[in-house]
Amino acid sequence: MTYGPQSALFSEMYPTAVRYSGAALSYAIGAVLGGAFAPMIAEALETSTGTIYSVAVYLAAVTVVGLVTSFFVQERKDVPLGDTATDHKDDEQATVNA
């Protein structure tokens, strides 16, 4: 359910010249940080506290971090996919100054 929107988001986040590398690195780093360490952290929390509620609090905290960071992703709806965000801002400034 998340792979369709996720791949569209990743492809829009990077300019054409580095799109494949940027999307691949983003996905790989996210998979390692989110998938490799989460089970170890959950086991350590459950072992040290003796309850699964500490794992629930951990998952809730990670979810909040993800939600907060998602608000900082810039909308690129009107930006051509070949342009970088910086180039597009320069074009907007040139239009305003003209």
**OP:** Before anything else, pin down the relative contact order of the stretch 4-76: Cα pairs under 8 Å, at least 6 apart, normalised by residue count, whole percent.
**Re:** 21
Original post:
Based on the mean of other beta carbon atoms within 10 Å per residue, what is the order of 11-19, 65-73, most packed first?
Top reply: 11-19, 65-73
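Where a number appears in this text, it was derived from the coordinates with a stated rule and is not lab data. Computed from a prediction, not measured in an experiment: that's the story for all the values here. Don't worry about glycine lacking a Cβ; one is built from the backbone with ideal geometry, like all the others, and counts go over all protein chains shown.
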